[in-house]
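One structure is given here, and the rest of the page talks about it.
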Amino acid sequence: VSFIDNLVGQLVDKLALTDDPVQAGKKMSETTIIVLWGDHGFYLGQQNRWAKHANLEQASSAPLIIYDPRNPTSGVKTTSPANSIDLYPTLCELAGLPIPEQPLSNTVTTGRPLRGRSLVPVLENPEVSVNSGAINHFNQNGAYGYAYRTERFRLIEWIDSADTVLARDLFDYSYGNDLERVNLA
């Protein structure tokens, strides 16, 4: 982490010294959007787990930092749910580019909106949310685990190939259940 932190610092320093080739009189640090996005978590023995294969918070959340030098709320943390598919429309909007549509078929090149949602409203006001939750999926021992995470809750259902619910977990993070020890389901 310290090594990556140092590299990010070097990048930011270089941007501050580099003239923007498109916008005369500005430095790249004034016109460059920086996105730091990491891999999802890793268990080191917590809950008798090792590695990153689970639908729980530790294994499925990923760090995401979006820095826009034009945004006065930069540096503010939010708990608004975000999905990886939200990055593309977010960067399109921040760059002033139209958000393209997805193809309907091999021959019809437009017609469906992107599944991701721009996070720009959240960047402008960390109290708002563009997603009611974030979803992830994990297969284990022939079962499909689906997790839905809101700001407050995580619901996990394990379903077999016959669509039978095998297990259900519900965690409420509002009262210190960050280690997911109390299953409300």
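The values are calculated or read from the model by the stated rules, or taken from the named source; none is laboratory data. Note that the coordinates shown come from a computational prediction; the quantities given were computed from them, not determined experimentally. Virtual Cβ from ideal backbone geometry, glycine too; neighbours counted across all protein chains shown. Areas reflect the complete protein model, heavy atoms only, side chains present, ligands, DNA and RNA absent. Shrake-Rupley method; radii C 1.70, N 1.55, O 1.52, S 1.80 Å.
According to the calculation over all Cα-Cα pairs in region 21-127, the P(r) per 5 Å bin from zero is 2, 10, 15, 17, 15, 13, 12, 8, 4, 2, 0, 0 %.
Think of region 1-94 as having a plus end and a minus end, set by charges on the Cβ of Lys, Arg, Asp and Glu; of Phe42, Gly9, Ser80, Phe42 sits farthest toward the positive end of this dipole. Length, then width, then depth: along the principal axes, the Cα atoms of the chain run 61, 49, 29 Å. Comparing mean-square fluctuations of Thr90, Thr73, Thr150 from a GNM of the chain with C-alpha springs under 10 Å, the top value falls on Thr73. For Glu30 and Phe3, what is the calculated FRET efficiency with R₀ set at 25 Å and r taken between the beta-carbons, to the nearest 0.05? The pair Glu30/Phe3 has a calculated efficiency of 0.40. Structure remark: mean-square fluctuation, Gaussian network model of the chain, C-alpha springs under 10 Å; the largest value among Leu170, Leu114, Leu44 belongs to Leu44.
Per residue, the solvent-accessible area of the chain (1.4 Å probe, heavy atoms of protein chains only, all protein chains present) comes to 67 Å².
Once the Cα atoms are used to define both axes, helix 2-17 deviates from the longest principal axis of the chain by about 30 degrees. With the simple spin-label model, which puts each label point 7 Å out from Cα in the Cβ direction, the Ser61 to Ala185 separation comes to 1.9 nm.
Dividing the mean sequence gap of close Cα pairs (under 8 Å, 6+ apart) by how many residues region 70-134 holds gives a relative contact order of 43 percent. Checking every one of the trypsin sites (Lys or Arg not before Pro) in region 82-159 against DSSP loop status and a limit of 14 other Cβ atoms within 10 Å picks out Arg115, Arg152.
Take the alpha-carbon centre of region 1-24, take the same for region 29-48, and report the distance between them in whole Å. Cα centres, region 1-24 to region 29-48: 19 Å.
If you average 1/r over all unlike Cα pairs in region 30-81 and invert the result, what Kirkwood radius do you get in angstrom? Roughly 13.1 Å, rounded to one decimal.
Over region 36-80, Cα pairs under 8 Å with separation of 6+ residues give a relative contact order of 36 percent. The share of accessible area on the chain that comes from carbon and sulfur is 56 percent, using a 1.4 angstrom probe. If you run the Gaussian network model on the chain, springs between alpha carbon atoms under 10 Å, then out of Pro69, Pro89, Pro103 the most flexible one is Pro103.
Leu166 sits among other residues whose Cβ lies under 15 Å from its own Cβ, and their net charge, with Lys and Arg +1 and Asp and Glu -1, is -3.
Under the criterion of Cα pairs below 8 Å and six or more residues apart, the relative contact order for the chain equals 13 percent.
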